[in-house]
1. Find the percent of Cα-Cα distances in region 266-339 that exceed 14 Å, and round it to a whole number.
2. Starting with the highest mean, order 82-89, 117-124, 196-203 by the number of other Cβ atoms within 10 Å, averaged over the residues of each peptide.
3. Taking a threshold of 27 Å on the Cα-Cα distance, which of the pairs LYS74/LYS324; LYS145/LYS300; LYS128/LYS176 fall above it?
4. With the cut-off at 16 Å, report for region 104-196 the share of all Cα pairs above it, as a whole percent.
5. Once phi is turned into θ = phi - 60°, what whole-Hz ³J(HN,Hα) does the Karplus curve with 6.51, -1.76 and 1.60 give for every residue of region 126-133, x standing for Gly and Pro?
6. Non-local amide H neighbours of ALA273 (under 5 Å, H modeled in plane, Pro and chain starts lacking H): which ones?
Amino acid sequence: MIIQNKMFSLAGNKQRFMNRFIFFFRAIILVGAFGLLGACTTAELAIDLGKKRLSKQEAAKTEQKTVIANPHYKVGNPYQIEGIWYYPERDLTYDKTGIASWYGDEFGGRLTANGEIFDPALVSAAHKTLPMPSVVRVTNLDNGKSLVVRINDRGPYVSGRIIDMSREAARLLGFKDNGIARVRVKLLVEQTLRLEELARNGEFPLLSEDTAPLPETVAAGKPAVSLSARTTRANPQKKQSGESALDLLTHSRSGSVIDTTPMVTDIWIQVGAFHSEDNARNLLASFADLGNGKVFETFKDGRALYRARLGPIDNVEQADSLLKQIYSRGFEGADIVVE
């Protein structure tokens with residue numbers, strides 16, 4: 001009886017041991033399972049948080065790319081770019097010849113200097129000093145193509161350039177592939193005054209819009225100056241007749257150009273202008289090592305004005321190189337002119 005009781009006791013102990021072992025083993029499995037689940041949950045949370053962080057970053061980038069237009073009339077204060085000062089002014093007599101360049105997609109979608117959004121597929125232009133908006137007539141002197149353009153940006157800040165056209169404006173004027181052109185830029189007074197009035201009232205119509213018709217204006221021909229009489233090249237040809245103000249405005253709105261007769265021009269670098277002819281000649285003599293030059297006589301406000309110029313120069317690349325040499329001598333007021 002005692003032996004049997006001991007056998008039953010041993011069997012009970014063995015059963016209790018097995019039960020405890022099974023319980024312990026199951027506990028280990030459950031802990032491991034919860035651990036794996038916890039690890040998976042942590043990993044999933046990390047991925048979700050990463051996605052959320054990425055979404056915020058993407059949202060920030062998208063927000064940065066979102067440009068809000070705030071157009072306004074602007075003349076602006078004097079400003080300095082790479083050591084050169086520019087003086088914006090409301091010059092209704094602006095009429096200048098020089099070199100044009102163009103800018104495109106790399107600036108697309110950015111704000112212009114007067115708060116509009118630049119679109120390279122539209123006809124527009126940048127100028128260093130004219131009010132924004134202004135209306136100018138740009139004529140490609142090499143092929144005779146003429147286009148009315150609305151200025152709404154600042155630039156170009158490349159030495160010797162007087163205007164920066166949008167890609168579409170350069171295409172219409174026929175110099176997109178070449179990159180630069182000899183041009184004449186003439187401010188159209190009545191259209192400019194009309195756009196100025198609208199801008200001050202918060203309206204900024206494109207020239208292609210018919211919602212705010214602009215008054216007619218007469219675009220004058222090439223400036224009447226006496227410089228060509230003393231050059232060694234042929235005199236410029238006169239523009240074709242029959243180019244009415246209404247035609248000019250109508251064509252500008254449709255994005256087309258008016259064809260005139262190309263002009264024969266010279267490229268010069270003007271280093272100074274004086275009321276004394278001796279001073280002009282003395283200045284040219286100081287640049288004798290850079291090339292030939294001439295003194296041109298013209299009249300301003302009833303007084304003789306003598307312009308000291310180096311040239312003529314064969315192409316724009318040579319003019320750019322020569323202009324840099326003149327700048328290096330401290331004559332930062334020198335500029336490329338086309339006559």
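Every number here is computed from the coordinates shown, using simple stated rules; none is lab data. None of the values given here were measured: they were computed from a predicted structure. Quick reminder, even Gly has a Cβ in these numbers, built from the backbone with ideal geometry, and neighbours come from all protein chains shown.
1. Numbers: 1535 of 2701 pairs.
Everything past 14 Å amounts to 57 percent.
2. Numbers: 82-89: 11.8, 117-124: 18.9, 196-203: 13.4.
Order by mean packing, descending: 117-124, 196-203, 82-89.
3. Long pairs (Cα-Cα over 27 Å): LYS74/LYS324; LYS145/LYS300.
4. 50 percent
5. Along region 126-133, the couplings run 10, 9, 6, 9, 5, x, 10, x Hz.
6. For ALA273, whose amide H was placed from the backbone, the distant partners under 5 Å are ALA308.
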